[in-house]
Number of protein chains: 2
Amino acid sequence: MNAITFLSPVNEQIKLVEERMREQADFAHADLRAAMEHLIKAGGKRIRPSLGLLVGNMLAAPLEKLVTLGAAVELLHTATLVHDDLIDGALLRRGTPTLNARWSPPATVLTGDFIFARAAKLAAETDDLRLMNLFADTLSIIVNGELTQMFSARGLIDRDNYYKRIYAKTASLFEMTSHAAAMVSPANDEIIKCMREFGYQLGMAFQIVDDILDFTGDQTSVGKPLGSDLHNGLVTLPSIYFAESNPTDADILSLANGGWTNHDNMTRLVDNIRASDATRKAMQEAENYIDRAIACLGNIPQSAERDALENLAKYVVDRKI
Amino acid sequence: MNAITFLSPVNEQIKLVEERMREQADFAHADLRAAMEHLIKAGGKRIRPSLGLLVGNMLAAPLEKLVTLGAAVELLHTATLVHDDLIDGALLRRGTPTLNARWSPPATVLTGDFIFARAAKLAAETDDLRLMNLFADTLSIIVNGELTQMFSARGLIDRDNYYKRIYAKTASLFEMTSHAAAMVSPANDEIIKCMREFGYQLGMAFQIVDDILDFTGDQTSVGKPLGSDLHNGLVTLPSIYFAESNPTDADILSLANGGWTNHDNMTRLVDNIRASDATRKAMQEAENYIDRAIACLGNIPQSAERDALENLAKYVVDRKI
């Protein structure tokens, strides 16, 4: 299973999405157009617009609306990354220099703002008020989640907090995308609800797998050092499973008191988590989310698009980056 | 003429607008709620929502939509100020500490993003797609204007550039507010067009007067040193008029070559502009904009609300802060 399997049905449509994204800077200052081009070229797998296209194609939604939705969602995602990379001082993303690596913080802040504005404009162009409302709500949820994480004590372990965090960070946008793609189709309310649920389950699994790859991934493809979340005081699902099985582990106990700032101890903890069954348990949980996602497809007639969506779901847990 | 004269008809409605603004952080993290409260308390004269309320009341628009629109517009304005103050490193605004004076840059960036998101949500809640489109376009215009200003050479004089800049910075939001308030009313297309024009003319005048007050204002009320625009390399209408009358002035000639960075020379230039008739000419131009704004009201029946709108227009050129 690789990205090509689930993306091939929408390869051509994704090009339309990228074209629509690019057009959003057409009237803007030349430097801003160049920044947009850089960001589009540095883009990832386009998993969010692919999700929207696959769901919408399956439910016979008009392509024009799906392309607009896909561009809106991907630009919203891009704008949050532009501000996140600035905030984190990250100089590379997916092996490509970030905007803040080349531009001043002020220009980077404003470029993110501009991309938010263009994403909102695209959402408005779908001519669907429910979609516009969903879009604005999702943006609020994402940003409130980031602020909550910023204001929260680092290194504390709380499973409920973890689920809320990954919902805000990732699953909310997957949910919105799948929901919105169904909303602009002729599908009935029950199917729309199913597709919203599909996006939610997929998004939760996606972030859990991301968090597992922080421990197990190939360092070059993940693009950051192993265990970087823990070194940054961010406790994710594998750490939570490890803590539950090893409640008296000294490194785990130290987390609440800032122990995550001790690099050697955290390197040891990362090794111990990798050697334990914690990542396997976390992966089992991600697979449960995917099983529930696939179950959502149960009352939709078999089609090539439904198969592609199932492949996308399977890819989310099988992927290596 | 003072702020109270034109604001009294909408005093109570402005409280509803502020309440709607405040509610936007209800579900958010406690620190974010506190930031919103701080920003609302530090708010200015609420001239933008007042404009929307006065136009909408005059045209019998539903109050609920005007309050939502007013809160959307004022939050959009607030979000741009939060990011601007961060970018400029400003520690005070209207005598109150800015958000970035108290919070880290990351928290300030995200708070601005959150307020953008809530403004977009409110715009969506007006249930009017045209308004939503207008709103997103205006946000793009404002941010593109800021980026264009940032990327442009400082100290260069160009009248056309100046008009474009103040349109993007100020008049676009005034125009959108007045336009949108008319759009949600039962007024016909001709009246809607007039009110859009009214907002445009008012906004252009408003920014020109702001730029004049940078030269002539009472330093305490304006809240920044006299001539701070020129010291920052920002050429505004009084400087343009002065340059047109004094094309061989050495300080003016120096601007294109970075002369604005010489503090003593710029202090002399500010004094020379103040002693010239440049600010009077600029004020005449602002008054012409206001005359055109008031002319837009010509085919609207006389009413207390129309009078209030005329008072608002007159206040824009008579104000001292």
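Between B:Asn161 and B:Asp189, full extension at 0.36 nm per residue minus the direct alpha carbon distance yields a gain of 7.0 nm.
Counting only aspartates and glutamates at least 8 places from A:Lys314 when in the same chain, those with an alpha carbon closer than 19 Å to its own are A:Glu175, A:Glu197, A:Asp210, A:Asp211, A:Glu285, A:Glu287, A:Asp291, A:Glu305. Taking B:Leu253, B:Leu226, B:Leu99 in turn, the Gaussian network model of chain B (Cα-Cα springs below 10 Å) assigns the largest fluctuation to B:Leu253. From helices alone, chain B scores -23000 deg cm²/dmol at 222 nm; the rule is -39500 (n - 2.57) for each run of n ≥ 4 DSSP H residues, then divide by the residue total. For chain B, a/c is not less than 1.5, where a ≥ b ≥ c are the root eigenvalues of the C-alpha gyration tensor, and a/b does not top b/c. That puts it in the oblate class. Here the simple spin-label model places points 7 Å from the Cα toward Cβ, and for B:Asn299 and A:Leu129 these points are separated by 2.9 nm.
Give me the percent of accessible area attributable to carbon and sulfur for chain B, probe 1.4 angstrom. Carbon and sulfur: 51 percent of the exposed surface of chain B.
Can you tell me the FRET efficiency between A:Ser276 and A:Asn232 if r is taken as the Cβ-Cβ distance and R0 is 30 Å, rounded to the nearest 0.05?
Details: r = 21 Å, r/R0 = 0.68.
Calculated value: 0.90.
At a threshold of 20 Å², the residues of the stretch B:151-182 that become less accessible to a 1.4 Å probe in the full protein assembly than in their chain on its own are B:Phe151. Please report the spacing between the Cα centers of the stretch A:228-292 and the stretch B:250-297 in Å, no decimals. Taking the Cα centre of the stretch B:250-297 as reference, the centre of the stretch A:228-292 is 62 Å away.
Per residue of peptide A:126-138, the mean number of Cβ atoms on other chains within 10 Å of the residue Cβ is 4.
Please find the FRET efficiency linking B:Glu37 to A:Thr96, where r is the Cβ-Cβ separation and R0 is fixed at 30 Å, and quote it to the nearest 0.05. Intermediate values should be presented prior to the final figure.
Numbers: r = 40 Å, r/R0 = 1.34.
FRET efficiency, B:Glu37 to A:Thr96: 0.15.
For the chain pair A and B, buried accessible area totals roughly 3600 Å², probe 1.4 Å, rounded to the nearest 100.
Based on the alpha-carbon gyration tensor of the stretch B:79-221 and its eigenvalue square roots a ≥ b ≥ c, which shape applies: rounded if a/c is under 1.5, prolate if not and a/b is larger than b/c, or oblate? Walk me through the numbers before you get to the answer.
Numbers: a/c = 1.87, a/b = 1.26, b/c = 1.48.
It is oblate, given that a/c is not under 1.5 and a/b is not larger than b/c.
Based on DSSP loop calls and a cut-off of at most 16 other Cβ atoms within 10 Å, the longest stretch of chain A free of exposed trypsin sites (Lys or Arg not before Pro) is what? By the stated rule (loop sites, at most 16 other Cβ atoms within 10 Å), A:155-319. Between A:Val235, A:Val109, A:Val67, the GNM of chain A built on Cα springs shorter than 10 angstrom shows A:Val109 fluctuating the most. Over the stretch A:241-321, Cα pairs under 8 Å with separation of 6+ residues give a relative contact order of 25 percent. Among the residues of the stretch B:66-86, which ones have their accessible area go down by 20 Å² or more when all the protein chains sit together, as opposed to their chain alone (1.4 Å probe)? Going by heavy-atom accessible area, the residues of the stretch B:66-86 that drop by at least 20 Å² are B:His83. A 1.4 Å probe run over the protein chains yields, for chain B, 39 Å² of accessible area per residue, whole-number rounding. Using C-alpha pairs under 8 Å with a sequence gap of at least 6, the mean separation divided by the residue count of the stretch B:3-318 gives a relative contact order of 20 percent. Across the protein assembly as shown, Cα-Cα pairs farther apart than 32 Å form 53% of the total.
Spin-label model, A:Phe27 to B:Leu253: label points 7 Å out along the Cα-to-beta-carbon direction sit 4.1 nm apart.
The values are calculated or read from the model by the stated rules, or taken from the named source; none is laboratory data. Just so we're clear, the structure is a prediction, and the values are computed from it rather than from any experiment. We place every Cβ from the backbone using ideal geometry, glycine too, and count neighbours over all the protein chains shown. These accessible areas exclude ligands, DNA and RNA; they are computed on the full protein's heavy atoms, side chains included. Shrake-Rupley method; radii C 1.70, N 1.55, O 1.52, S 1.80 Å.
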